[in-house]
1. Taking into account only those residues within the stretch 113-129 that are assigned to a loop (DSSP other than H, G, I, E, B) and within 15 Å of the chain's Cα centre (by Cα), which is surrounded by the most Cβ atoms within 10 Å (Cβ to Cβ)?
2. Go through (1) within 23 Å of Pro49 (Cβ to Cβ); (2) within 15 Å of the chain's Cα centre (by Cα); (3) within 9 Å of the ligand (Cβ to nearest atom) one by one and return the number of the condition Leu77 breaks.
3. Within the stretch 17-58, work out how many residues are within 10 Å of the ligand (Cβ to nearest atom) and either of a type in the set (Asp, Glu) or outside any strand (DSSP E or B) (or both).
4. Determine which member of the set Ile79, Ile90, Ile71 is closer than 24 Å to Ile158 by Cβ and among the β-branched types (Val, Ile, Thr).
5. Scan (1) surrounded by 15 or more Cβ atoms within 10 Å (Cβ to Cβ); (2) over 18 Å from Ser132 (Cα atoms); (3) in contact with a helix residue (DSSP H, G or I) (Cβ under 8 Å, 6 or more places away or on another chain) for the single condition Asp55 breaks and write down its number.
Amino acid sequence: MATNKIAIYPGSFDPVTYGHIDIIERAARLFDKLIVLVSINPVKPASFPLEERIDFLKRSLKHAKADNIEIDNNKGLFIDYFKRRKADVIVKGLRAMSDFEYEFQMALLNKDMCHTAETVFLSANAASMFLSSSAVRQIAMFGGDISAFVPHCIAGDIIEKLKKGVLP
Ligand code: PNS
């Protein structure tokens with residue numbers, strides 16, 4: 001049986017939340033290497049530039065309980081990156097059933113384009129079931145408290161940046 005399984009967890013991470021961090025820590029325990037891939041979602045224009053999303057992730061994962069995590073970014077087609085890195089598994093987090101259809105479609109399309117690409121879905125933990133980056137952005141925009149949803153080390157920067165956009 002093949003060893004040294006490489007998994008990739010792609011996403012917008014706009015910004016990273018405790019829900020993402022939970023998936024990252026659990027996936028890092030399941031595979032030999034986990035690449036957290038900050039990606040472009042063409043149908044969801046990002047609020048934070050790619051570099052800032054990477055920085056948020058790096059700061060958030062500084063004290064992660066794993067030493068097999070790499071953070072990278074990709075501006076092209078995901079499956080090309082997947083093949084280039086000779087990866088085995090795509091990791092996705094699933095919250096409510098509403099995630100399922102979209103994620104299932106992506107899993108099947110990726111498998112069509114690369115027959116060895118297996119997608120593994122990890123269920124969100126109960127606390128993150130209704131947590132999303134877009135909800136965090138909205139709360140921050142209107143000056144709400146996001147400390148329960150994102151690490152302390154990035155919360156201030158998120159609020160600072162988003163508050164400017166809507167508040168007088
Ligand atoms: O966190 P998101 O926005 O749900 O993540 C979606 C993402 C970024 C993983 C997806 O849009 C993606 O893979 N983008 C890269 C371009 C690509 O390969 N698209 C085809 C996916 S089948």
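What follows draws every value from the coordinates through simple rules; no lab data is involved. Because the structure is predicted, anything quoted here is derived from the model rather than measured. Note that we place each Cβ from the backbone using ideal geometry, even for glycine, and neighbour counts take in every protein chain shown.
1. Here the answer is Ala124.
2. Answer for Leu77: the failing condition is (2).
3. Matching residues across the stretch 17-58 total 7.
4. On the way: Ile79 fails: closer than 24 Å to Ile158 by Cβ; Ile90 fails: closer than 24 Å to Ile158 by Cβ.
Within the list Ile79, Ile90, Ile71, the selection yields Ile71.
5. Going through (1) surrounded by 15 or more Cβ atoms within 10 Å (Cβ to Cβ); (2) over 18 Å from Ser132 (Cα atoms); (3) in contact with a helix residue (DSSP H, G or I) (Cβ under 8 Å, 6 or more places away or on another chain) one by one, Asp55 breaks only (3).
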